[in-house]
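Novice: Here's a structure for you.
None of the figures in this text is laboratory data; all of them are computed from the coordinates on show. Small disclaimer: the values here were computed from a predicted structure and weren't measured. No Cβ is skipped: glycine too gets one built from the backbone with ideal geometry, and neighbour counts run over all protein chains shown.
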Amino acid sequence: MKPPRIILPIIVISQFFCTSLWFAGNGVMNELMTTFDLNESALGDLTSFVQFGFISGTLVFAILSIADRFSPSKVFFVCALLGALSNACVMWQGNSLASILSFRFLTGFFLAGIYPVGMKIAADYFQTGLGKSLGYLVGALVVGTAFPHLLKEISGSFPWEFVLIATSSLAVSGGLLMLILVPDGPYRKASQKLELSAIFGIFRDKEFRSAAFGYFGHMWELYAFWAFVPVMLKIYNDVHPDTPFNIPLYSFLIIGIGGIACVIGGYMAQAFDTKKVANISLLASGICCLLSPLVFSVDSKVVFILFLLFWGMVVIADSPLFSTLVAQNAPQELKGTALTIVNCIGFSVTIISIQLLSYLRLMTESHVIFTVLAIGPLFGLMALMGRSGFLSSKQVQAS
């Protein structure tokens, strides 16, 4: 059964609108630090609290099997509304660091009902060509994540609150689109009961486990890289003061170009061996991690930006491949729970890498600190090339 053509574009647009909440605080970080007198560690703290909220949300959603027991579109809508409200509360003038962190935590918590649930909705509609569909979906996440940086750039003389108002408005719109235009998919198999043991059981499948472990290695690098793109640009500005950057604009471009890479990765999954595509992407991003200290010393703005643009592509290109394999190797009635718990663990890993980079940044000004991100791709490659195997030829064709 072929789904209506409008379904995938609506899911993608809704995902883009709602995931703009993710880095909304990062887009106005300087203004938050000035307005609320925050210190330099605020970047790592605010980013980590969103991740921590997301982790907590995915854990709750997975334990209760929310996306499998209830209509995913309705779950998406409710979480979009609550996430938008939490995001908007950051504008409250009576905020302190504790309250801002709390609101960012809540935003992350409700994103757990948006990102993995959006993938669950796509998987309920697309069994053939799922890799391509998730390529568009993860691409929407990437552009949505980068979008607050662009909003900051184009808002001009508007108050910094404009970025938060705009992202919250987009999230509400995305939730409404999903609720009104995307009913439950034809391949949805609802779970009729709460299965707390399901979280442990799904990891017994060796192919599911390999896909999940590869994803965890990928996540070690991904969000730490995204969070520190503006920092990298500022470091280069400081080292080469004669080559100033428009940091918000370049941050958007470097993160946002990953959306194109996700779509390309989704199409490549249909034409080539999924394991090889993931291997190449992880290897390329790992090499970027190791080369990063050298690139900071190159006195060429063009070379530096091109390097970061390339890194921005390969750091995310394998994400839809992992999501596809997780969905394919999970039990049909627990697909939403599987996607959610893998997201939960993956985002737990991001907190460690983000906090590690934040700590190293405070301890030293050396550019070598970004090489620690290579730990993730190395772990992911080991998972992909493990003896357990990654996927069968039948799965390659299906993805």
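Novice: Could you calculate the contour length gain from L309 to L181, that is, 0.36 nm times the residue separation minus the distance between their Cα atoms, to one decimal place in nm?
Specialist: Separation in residues times 0.36 nm, less the Cα-Cα distance, equals 42.6 nm.
Novice: In addition: Rank-order 257-269, 359-371 by packing density, defined as the average count of other C-beta atoms within 10 Å over each peptide's residues, highest first.
Specialist: Top to bottom by mean Cβ count within 10 Å: 257-269, 359-371.
Novice: To continue, here is another question. Determine the calculated [θ] at 222 nm for the chain from helices alone, applying -39500 (n - 2.57) to every DSSP H run no shorter than 4 residues and normalising by the residue count; nearest 500 deg cm²/dmol.
Specialist: Theoretical 222 nm ellipticity from helices: -24500 deg cm²/dmol.
Novice: Same structure again: Averaging the inverse of every distinct alpha carbon separation and then flipping it gives the Kirkwood radius. What is it for the chain, in angstrom units?
Specialist: Result for the chain stands at 20.8 Å.
Novice: Please sort 154-166, 44-56, 315-327 by packing, taking for each peptide the average over its residues of neighbouring beta carbons within 10 angstrom, highest first.
Specialist: Most protected by this proxy first, the peptides run 315-327, 44-56, 154-166.
Novice: Take each complete run of DSSP H in the chain, measure how far its Cα atoms stretch along the helix's own axis, and keep only those covering 27 Å or more with mean Kyte-Doolittle hydropathy at least 1.6; list them.
Specialist: 161-181, 247-271
Novice: While we're on this one: Considering just Cα atoms, how many Å³ per residue does the convex hull of segment 252-360 enclose?
Specialist: 118
Novice: Between I235 and I264, what is 0.36 nm times their sequence separation minus the Cα-Cα distance? Round to one decimal in nm.
Specialist: Residue separation times 0.36 nm, minus the Cα-Cα distance, leaves 7.4 nm.
Novice: Once you compute Rg and the Kirkwood Rh from C-alpha atoms, what is the Rg to Rh ratio for segment 48-104?
Specialist: 1.05
Novice: With each label point set 7 Å from Cα along the Cα-Cβ vector, what nm distance links S96 and M382?
Specialist: 4.3
Novice: Now, a different point. Need one number: nm distance between label points at L294 and L362, each 7 Å from Cα along Cα→Cβ, rounded to one decimal.
Specialist: 3.3
Novice: Something else now. If I stretch the segment between N30 and D242 completely, what's the gain in nm (0.36 nm per residue apart, minus their alpha carbon distance), one decimal?
Specialist: The N30-D242 span can extend by a further 74.1 nm.
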